[in-house]
Structures are given as C-alpha cells and as structure tokens.
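The values are calculated or read from the model by the stated rules, or taken from the named source; none is laboratory data. Quick caveat, the model's predicted, so the values are computed rather than measured. We place every Cβ from the backbone using ideal geometry, glycine too, and count neighbours over all the protein chains shown.
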C-alpha cells in the first residue's frame, strides 16, 4: 500500500544519516549534570526575588504567595527555554536538546510536572531512564518529548 502524499515529508526535511547517528537518547549522567547546572541560574533568580521582597517588606517573607511566585519563575526559566530554544543553559553545556523543537507550552508544563514528580519520588522519575528501552524519564513520557544528546550541539546561548 502506497503512503498518502500528506504522510511523506517534503524533500530536504529528512535528517541526514549523519544527523541520525549523532543524535541519541541522553545518558542519565548528562541529564543529571545539566540539572545541576540549571540549579545555578534558578537559585540566582530566587535569591534576587527574595532579596527584593525582603527589602520591599522590611521583614522575612514566606507563605503560599511567595512559593507560587518562585514556582512561576521556575516555570518561566524552563518553559521559555524549552519552547523558544529547545534547551536550557545546563542542557547547552552538556549538548542536550528537547525534541521535538519547538515544544508547545502545554508540553513544557507537563515536562516540568513530570520532572518535579520524578525528583519528589527520590529521583525515581530520572532513574527510569535506566529501565526504559528508549531512555525516557517520567517527564519525557508525560510530555511526549525526549531529551537527546547531540555531540555537534554547542556554541553560545544566543547563536542559532
């Protein structure tokens, strides 16, 4: 049976055999290392926010509104990075990328939810990479995306 014309990709859109060989599922250690790198800018954003709020209020801060603000900042960092660039700063350093690119905001929200649950369960969501045949974490499975390692990635954050 011949595939319909709409099912075949247009000429030139298929990845080359070299690109297919270079890209592969991200190893667990690279994923964990990129998470450690990503902790640094997130911690900086949170410290700056906390400093400004303490200065503005003149006292210690806390409670649900503060925690909600911190979570929104976390989502902004990861969500915008995944949607607009396909990678965070930590992923850039470790030559990782979220596929498919571009990621939709709904997928980014599901990735963040899956990642949060995976960490909250003592890291089991990320250890799942060692069990899954396609090296997917809970975040990958929940969002319908995946983290790939490409040794040819690199450069700078602002390069295209």
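Observations on the structure shown:
- Evaluation of residue 73 against (1) closer than 22 Å to residue 45 by Cα; (2) buried (at least 21 other Cβ atoms within 10 Å of the Cβ); (3) out of contact with any strand residue (DSSP E or B) (no Cβ under 8 Å at 6 or more places or on another chain) (one fails), failing number: (2)
- Of all residues making up segment 104-151, the number that are in contact (Cβ under 8 Å) with a residue 24 or more places away in the chain and part of a loop (DSSP other than H, G, I, E, B): 8
- Residue satisfying all of: in segment 22-56; over 24 Å from residue 75 (Cβ atoms) and either over 22 Å from the mean Cα position of the chain (by Cα) or not in a helix (DSSP H, G or I) (or both); modelled with the lowest pLDDT among these: 23
- Within segment 85-103, tally of residues that are farther than 23 Å from residue 29 by Cα and either at pLDDT 95 or above or in a strand (DSSP E or B) (or both): 0
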